[in-house]
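A short worksheet on the structure shown next.
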Amino acid sequence: VSVLRREVPPAVDAAVARALAKSPADRFATAAAFVEALEAERAPIRARSWRRLATMAAAAVAVAAAVALGMRWRAPAESIHAGRVTHFTRDPELELDPALSPDGRTIAYVAGPPGDMRVYVRQIAGGAPIAVAEALHEHQRWPQWSPDGSRIVFQAGTVERENNLRARPNALYIVPALGGTPRPLVHDSSWSAVTPAWSPDGARIAYVRARGIYGRTIEVVDSTGRPEARALLDSAESPHALRWSPDGSMLAYASMNPRFMFGTVHIGNDAPVSVWVLTVADGKRHRITDDNTINISPVWMPNGRTLLFVSNRGGSRDVYRVPNGRDGEPTAAAERITSGL
């Protein structure tokens with residue numbers, strides 16, 4: 001209000017802003033409470049001005065209420081289109097798990113032969129790749145940036161016993177983004193910690209606690225390695241590829257066939273994978289895709305209401321967009337963004 005009428009007292013301006021708050025929990029509990037907040041500043045305002053201000057405030061709140069009821073405060077749809085494809089790396093070995101830095105200038109990824117890959121970072125503008133954890137002689141996978149771009153968390157070890165690979169439980173490590181000595185975050189000789197995901201505020205890291213190749217629980221530690229009191233999900237469905245929602249309230253993940261993402265021998269096999277969303281506060285799960293096709297690599301759009309994922313439901317593996325499912329939107333509403341990539 002004060003943008004249009006600078007003489008409006010700050011308390012009145014604050015009361016109107018509170019009445020228009022997006023979340024019902026942030027608004028006044030009753031109309032009487034709103035009136036009381038306005039009455040507190042009534043004395044300094046001339047009666048005629050007061051009546052005009054009260055009318056304007058009431059009209060603004062009525063319009064906001066109508067919009068809230070009619071549109072349920074839905075965020076506007078975000079425009080998505082497939083951009084130009086650029087060949088970024090040309091190393092002779094496998095190159096997997098790309099992760100873009102928060103400032104968009106650097107890519108973290110893993111490269112090397114199966115069972116002996118390393119985490120590298122490389123600037124988008126060009127230059128040689130940098131091995132960030134050279135001192136750690138383990139098979140490394142799934143680098144993920146901290147929100148401030150200063151550190152990378154990754155898993156190291158292997159759990160397959162084929163092709164002469166020595167079984168080593170996976171642990172989680174944190175390393176400076178431009179290289180340094182990796183710091184152990186989660187490690188236990190009796191089970192593996194895989195597929196880490198940094199929360200948007202940088203305070204927590206979610207991961208899957210696994211036995212063998214199949215994950216069993218989704219757990220959370222703070223960035224120092226202290227675990228939370230409870231597991232977020234205890235399931236035999238092998239969750240992997242965790243992704244926090246922008247507000248930190250949900251985790252998207254792929255379910256079943258973790259070898260598609262993390263296998264060292266049978267990587268890329270065609271068993272079905274589905275995408276789910278987990279509500280962090282209560283542990284409730286919401287199915288996003290079917291489990292008859294491959295649906296992998298969920299990624300949140302900035303509005304937090306939309307997920308992108310890769311699927312072969314149309315034959316080729318393309319990018320699809322779908323509502324996150326928390327509000328009951330049908331999962332059949334997935335829209336294909338790319339075609340035949």
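The values are calculated or read from the model by the stated rules, or taken from the named source; none is laboratory data. Quantities reported herein were computed from a predicted structural model and do not represent experimental measurements. As a convention, Cβ positions derive from the backbone with ideal geometry for all residues, glycine included, and neighbour counts pool all protein chains shown. Calculation scope for accessible area: heavy atoms of the full protein, side chains included, ligands and nucleic acids excluded. Shrake-Rupley method; radii C 1.70, N 1.55, O 1.52, S 1.80 Å.
A few remarks follow.
- Global size of segment 172-284 as Cα Rg and Dmax, reported in angstrom: 14.0, 39
- Accessible-area value, V8, 1.4 Å probe, nucleic acids and ligands omitted, Å²: 10 Å²
- Segment 210-306, accessible area per residue, ligands and nucleic acids excluded (1.4 Å, Å²): 41 Å²
- Which of D97, D234 is most accessible, then next, and so on - probe 1.4 Å: D234, D97
- Under 15 Å, Cβ to Cβ, from G180 - net charge with Lys/Arg +1 and Asp/Glu -1: +2
- L4 - accessible surface, heavy atoms, 1.4 Å probe, Å² rounded to 10: 150 Å²
- Taken as Cα centroids, segment 288-313 and segment 213-264 sit 16 Å apart, rounded to the nearest whole angstrom.
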